[in-house]
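Quick notes on the structure that follows.
The values are calculated or read from the model by the stated rules, or taken from the named source; none is laboratory data. Keep in mind that this is a model prediction, so the values were computed, not measured. Glycine also receives a Cβ, built like all others from the backbone with ideal geometry; neighbour counts cover every protein chain displayed.
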Amino acid sequence: MTDTIQCPALMIAAPASGQGKTMITAALARLHRRQGRRVKVFKCGPDFLDPQIHAIASEAPCENLDFRMGGEADVAWRLARAARDNDVILIEGVMGLFDGDPSAADLARRYNLPILVVIDSSAMARSFGAIALGMKTYRPDTRVVGALANCVGSAYHAQLLEQSLPEGIAWFGSIPRNAESALPERHLGLLPAAEIADLAERIDQLADRIAETAAAALPPAATFPVAPNPEIPQALSGKTIAIAQDAAFCFAYPANLECLQDLGAQLRFFSPLDDTALPPCDAVWLPGGYPELHVERLASNISMIQSLRQHIDANKPILAECGGMMALAESLIDTNEQSHPLIGILPGTVRMHKKLAALGMQSLPAETGNLGGHTFHYSTFECPLAPVAHTVDAHQRQSESVYRVKRLTATYFHAYFPSAPNTVAALLS
């Protein structure tokens, strides 16, 4: 039995954020699906929004890869499974290729992945080649194989860009400048895929363009070590977990859902915005999202609020993270200093800010295993309760507070469940 497995694979990276690598990755995924291939897309780092786009493009869940958040073993077995079950693997980088610790380049080096660099060329000509060369030679063990020019103004512009590439960096083609292909954004990044009405059409149109370039070719095979799926105890066997899922609660890693199922739980989805009560369940998970955009609907759904209160009064668990915690607060003060009532189960006030309030990788220490994850929010929470615990950052400094009311656990921390399934089970059982 071989201890490695091969599958065509390509990392799509860039010198910085905002170069267009998300839509290029999505278009490549759609193109391969059109050609009948099974496509697995991964996203480097703790991102919720880009994976939603890739799930639509590839017609399959997009998982996250992050050495720090999930651990190297988690990355290894997900890649091995993907290589076994798919015809091509696409991995979108995070920020710039060398940004972050670990970076997308670290992942690419670990698995000797070929890298396509996407560069927004709208304000350059021959400097395109200099940037591509720098990306290739900055770390000689990083396998940059080619460059694709995005936002190109004309055929002559594309010619200048192609001619600027030095030997050893292939020209993967160009994508014309088109404002319609740019995705709308708000303060947490791109809009959720469900809010972009013509997203599938945009992806298809860009896939048509990609089909005319060298990027359309099947990438070379990469070799991945065979890694067994983790053994997860059935600690939630027989339990039903109700998970909030709507426009206000849309930040859930596919790996978290899979982890809950591997723990033995049955999953039921509900909408705090539209449903009148919780489904029959043993525990509730309120993931992150955009409660700040739906305060009136959340506060006016009295029957759902009563159902949540009854659940807590029955001493049943609720895990509320980031947007989930915000929604449970008594009130929210927006950036115009206007106050709005919220669900009112957790004492305290959420205050929105125009600038980022916290960002970074985190972990929650616990006897049952340290839970990895991250934090990313534009608000602060003024809560009279004393925290029962804190997450710690990469330097082991205390970071996000963890609050407890009966079996309600609330925090800004976004947990990556596969990093410590036993800790997740303890929170929800």
*Residues of the range 375-423 classified as outside any strand (DSSP E or B) and in contact with a Cys (Cβ under 8 Å, 6 or more places away or on another chain), total*: 5
_For the range 390-409: of the residues being within 17 Å of G324 (Cβ to Cβ) and out of contact with any helix residue (DSSP H, G or I) (no Cβ under 9 Å at 6 or more places or on another chain), which is surrounded by the fewest Cβ atoms within 10 Å (Cβ to Cβ)?_
R404
*Kindly indicate whether any position in the range 67-80 is under 22 Å from S174 (Cα atoms), under 16 Å from the mean Cα position of the chain (by Cα) and either in contact (Cβ under 8 Å) with a residue 12 or more places away in the chain or surrounded by fewer than 18 Cβ atoms within 10 Å (Cβ to Cβ) (or both).*
no
*Of these, S122, S103, which one is touching a Cys at 6+ places or on another chain (Cβ under 6 Å), assigned by TED's automatic domain parsing to the domain that holds M11 and within 20 Å of T25 (Cβ to Cβ)?*
S122
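State whether the residues of the range 396-414 include one that is within 20 Å of the chain's Cα centre (by Cα), in the same structural domain as F251 (by TED's automatic domain parsing), more than 18 Å from S379 (Cα to Cα) and in contact (Cβ under 8 Å) with a residue 60 or more places away in the chain. Steps first, answer last, please.
Pass one, the range 396-414, residues within 20 Å of the chain's Cα centre (by Cα): 400, 411-414.
Keeping just the survivors that are in the same structural domain as F251 (by TED's automatic domain parsing) gives 400, 411-414.
Those left that are additionally more than 18 Å from S379 (Cα to Cα): none.
Checked the range 396-414: no residue is within 20 Å of the chain's Cα centre (by Cα), in the same structural domain as F251 (by TED's automatic domain parsing), more than 18 Å from S379 (Cα to Cα) and in contact (Cβ under 8 Å) with a residue 60 or more places away in the chain.
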*What helices (runs of 4 or more DSSP H) completely inside the range 52-163 contain at least 2 residues that are closer than 18 Å to V41 by Cβ?*
67-70, 72-85, 104-110
*asked:* Return the residues of the range 298-319 that are under 30 Å from the mean Cα position of the chain (by Cα) and not in a helix (DSSP H, G or I); say none if nothing qualifies.
replied: N301, K316, P317, I318, L319
*asked:* Looking only at residues that are within 26 Å of T349 (Cα to Cα) and out of contact with any Gly (no Cβ under 8 Å at 6 or more places or on another chain) in the range 410-429, which one is surrounded by the most Cβ atoms within 10 Å (Cβ to Cβ)?
replied: T411
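Could you please let me know if I91 is modelled with pLDDT of 95 or more and in contact with a Cys (Cβ under 8 Å, 6 or more places away or on another chain)?
yes
With respect to Q234, is the statement that it is farther than 29 Å from Q6 by Cβ and modelled with pLDDT of 95 or more true?
yes
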*Among the candidates F376, F381, single out the residue that is touching a Gly at 6+ places or on another chain (Cβ under 6 Å) and closer than 25 Å to N256 by Cβ.*
F381
*Name every residue in the range 99-115 that is under 14 Å from A221 (Cα atoms) and either crowded, with 17+ Cβ neighbours inside 10 Å or basic (K, R) (or both), in order of residue number.*
A108, Y111, L113, P114, I115
_Looking only at the range 322-368, filter to residues that are part of a loop (DSSP other than H, G, I, E, B) and aliphatic (A, V, I, L, M); which one of those is surrounded by the fewest Cβ atoms within 10 Å (Cβ to Cβ)?_
L356
